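Novice: Can you keep this structure in mind? I'll have questions shortly.
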Amino acid sequence: MLRITPAAHKEAAARLKTPQRLSILGILEGGCGFMMRFSLVQGDIPGSSFDCIEEDGIMYCLDTYITKMYPEAFTLDYVENQGFRLYTDSQYMATHLKILHSVEQV
C-alpha cells in the first residue's frame, strides 16, 4: 500500500511531465550485508513490476520488490528544501529524494 501526502502530490504534479507517472524503485545493494536504495523515476520502468495507485491524474507506482522486502504501508511525503521522503509507520526508508527523468540516472 502507498499513501501520498498532499505536499508530495503537489510537488510531483509540478515536476512531472506528461504522462504523469512516478515510479518508486528499490535497488538492493551490498555484499555480505545489504541495504535497499530508493529512487523516484518519472515514467515507466520496463522489466519491473509495480503496484500502482492513481491520484488526481498522477500514477504513483511502488516497486513490488520493495513490498516483498518490507510488507508495510509506505508514505511518500515532500518537505520544502529537503526533497521527497519515503517512510513506513515504523521507520524512515529514504530522505532527500529527487525525481529522476530516466532510469539511466539511477
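Where a number appears in this text, it was derived from the coordinates with a stated rule and is not lab data. Please read all numbers here as calculations on a predicted model, not as lab measurements. Every residue, glycine as well, gets a Cβ built from its backbone with ideal geometry; the counts of neighbours run over all protein chains shown.
Novice: Determine ³J(HN,Hα), in whole Hz, for all residues of the stretch 17-22 in sequence, where each value follows from phi through the Karplus function 6.51 cos²θ - 1.76 cosθ + 1.60 and θ = phi - 60°; x replaces Gly and Pro.
Specialist: Taking θ as phi minus 60°, the curve returns 8, 7, x, 8, 9, 10 Hz for the stretch 17-22.
Novice: Contour minus end-to-end for Tyr65 and Ile53, with contour as 0.36 nm per residue of separation and end-to-end as the Cα-Cα distance? Numbers along the way, then the final one.
Specialist: Numbers: separation 12, 0.36 × 12 = 4.32 nm, distance 1.63 nm.
Taking Tyr65 through Ile53 to full extension adds about 2.7 nm, to one decimal.
Novice: Using each residue's phi in the stretch 52-68, evaluate 6.51 cos²θ - 1.76 cosθ + 1.60 at θ = phi - 60° and report the 3J(HN,Hα) Karplus result to the nearest Hz, with x for Gly and Pro.
Specialist: Once rounded to whole Hz, the list reads 10, 10, 10, 9, 6, x, 10, 8, 10, 10, 9, 4, 5, 4, 5, 5, 6.
Novice: Which one of Met36, Ala7, Ser102 has its Cα pushed farthest toward the positive end of the charge dipole of the chain, where Lys and Arg give +1 and Asp and Glu give -1 at the Cβ?
Specialist: Farthest towards the positive end: Ser102.
Novice: Given H placed 1.01 Å from N in the peptide plane, which residues other than close sequence neighbours of Glu55 have an amide H under 5 Å from its amide H?
Specialist: Amide H neighbours of Glu55, under 5 Å, 5+ apart: Tyr60.
Novice: How do 74-86, 8-20 rank on mean C-beta neighbours within 10 Å, highest first?
Specialist: 74-86, 8-20
Novice: On a 0 to 90 degree scale, rounded to 10, what angle separates helix 6-15 from the longest Cα axis of the chain?
Specialist: Result, in degrees: 70.
Novice: Report Rg (one decimal) and Dmax (nearest whole number) for the stretch 2-95, counting Cα atoms only, units Å.
Specialist: 13.0, 42
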